[in-house]
Ligand code: F6P
């Protein structure tokens, strides 16, 4: 194993509660081994757009700098979910679009700082970028999985997910009383682009009556019949949880905006479902979009601990000579999985998983 001198850390993609805890664990674990840590600001923007960072796009992360951040949401380094530095789309003066690979700039900047290893904390997209960077040579990469959507394969869970679904559950608890008082249908839209984990977990824990997820195309007639059954039993209010990526049978995902060089922005499915349910049932409906509230706030104790475990394990991985791997939870252990395997497929909700079956046994309608 070559001599380790300096580690760089970056956080990419949407933020998740627990990112700061990972950063602190990396910095302290590295310091114990006599290694220095540096943080790249806003994904790789601190390198690629360094003129925007007068105080430095790569910052030295000392013990003092990471003191007292374990419980804080967000990321002290900033993040970015725009574009891919290996495939940046630029508009030329004549209006045409061209792609360029800026990996050499990133590698050169890291080497100029004496950095030989990158700990990339991110979701599917950011980890794929890290893997591609590593394949150019001259940089070791260790990935740390981050997603509130829980859609990263090869780790049982990643930090941020529990915080997100616990908060969503608390919101459902609060919505029951107002729904009952007004005899309304409350439609609650939660994040979950391709995977319905947040919707399923909060919907079941928070006693929703209907849960619509991307994995199960929904039929609103089934939802209406569930609401009518409830009415017949004297239950005049209902809670419907909808993941942002849920689609009607034979229909499309609800896209708010398609932007060049990044994933399309989803949203609006809650509003559509509420409007149609109101027409179909004649009942008053209201929509609550939890959206980015699910990404903010203090990580739960469980997420904090997991984030700290991941950060420390990433540093141990470097010490053990690992390269091109992601740390992954395989209780009771944190193991290393090749980045290539970890980013190959998305972890969606299996239709036969016991959580979903539990929901069905409780009488929850999944729109099918
Ligand atoms: O973190 C993943 C995610 O929460 C998705 O569920 C959602 O579609 C996306 O982030 C929204 O990200 P942003 O609004 O920050 O682009």
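Read-outs throughout are calculated quantities, based only on the coordinates presented, and are distinct from any laboratory measurement. Given the structure is predicted, the values throughout are model-derived calculations rather than measurements. Every residue, glycine as well, gets a Cβ built from its backbone with ideal geometry; the counts of neighbours run over all protein chains shown.
Computed over the range 279-368, the convex hull of the alpha-carbon atoms projects to a mean area of 10.0 nm².
Taking 0.36 nm per residue of sequence separation and removing the Cα-Cα distance, the residue 92/residue 231 pair yields an extension gain of 44.0 nm. Taking max minus min of the alpha-carbon positions on each principal axis, the chain gives extents of 71, 55, 35 Å, largest first. Debye-formula intensities of the range 15-75, expressed as log10 I(q)/I(0) at q = 0.16, 0.29, 0.30 Å⁻¹, are -0.54, -1.15, -1.16 (one equal scatterer per alpha-carbon, no solvent).
Stretching residue 82 away from residue 65 to a fully extended chain increases their span by 3.5 nm, per 0.36 nm per residue minus the current alpha-carbon distance. Each 5 Å bin from 0 upward holds the following percent of the Cα-Cα pairs of the range 70-193: 2, 8, 13, 15, 14, 12, 11, 8, 6, 4, 3, 2, 1.
Counting neighbouring beta carbons within 10 Å and listing from fewest to most, the residues 364, 40 come out as 364, 40.
Among 62, 285, 163, the largest mean-square fluctuation in a Gaussian network model of the chain (Cα springs under 10 Å) belongs to 62. Within the range 121-151, which residues have the backbone N less than 19 Å from the label spot 7 Å out from residue 330 along Cα→beta-carbon, could you tell me? Answer for the range 121-151: 142-146, 151. Scaled against 2.2 N^0.38 Å for its residue count N, the alpha carbon radius of gyration of the range 154-242 is 1.13.
When the alpha-carbon atoms of the range 187-281 are used, the pair Rg, Dmax equals 13.7, 50 angstrom.
Taking 139, 97, 290 in turn, the Gaussian network model of the chain (Cα-Cα springs below 10 Å) assigns the largest fluctuation to 97. Beta bridges assigned by DSSP with both partners in the range 38-152 are antiparallel in approximately 55 percent of cases. On the beta carbon distance between residue 221 and residue 174, with R0 = 35 Å, the FRET formula returns roughly 0.75. The Rg/Rh ratio of the range 124-195, with Rg taken over Cα atoms and Rh as the Kirkwood radius over Cα pairs, comes to 1.23.
Please report the base-10 log of the normalised intensity I(q)/I(0) for the range 303-343, using a Debye sum with one equal scatterer per alpha carbon and no solvent, at each q in 0.22, 0.28, 0.29 (1/Å). Relative scattering, expressed as log10 I(q)/I(0), comes to -0.68, -1.01, -1.05. Mind telling me which of 155, 281, 75 comes out most flexible in a GNM of the chain, alpha-carbon contacts under 10 Å? Highest fluctuation of the listed residues: 281. The angle between the Cα long axis of helix 269-281 and the longest principal axis of the Cα atoms of the chain comes to about 0 degrees, rounded to the nearest 10. Over the residues of the chain, the helix contribution to mean residue ellipticity at 222 nm works out to -10500 deg cm²/dmol, using -39500 (n - 2.57) for each DSSP H run of at least 4. Note on the range 120-165: the alpha carbon radius of gyration divided by the globular reference 2.2 N^0.38 Å gives 1.26.
Here the chain carries DSSP beta bridges of which approximately 35% are antiparallel, counting only pairs with both residues inside. Cα centroids of the range 92-171 and the range 1-41: 13 Å apart.
Post the alpha-carbon centroid distance, the range 185-206 to the range 208-271, in whole angstrom. A separation of 9 Å, based on Cα centres.
The range 70-89 and the range 317-368 have their alpha-carbon centroids 23 Å apart.
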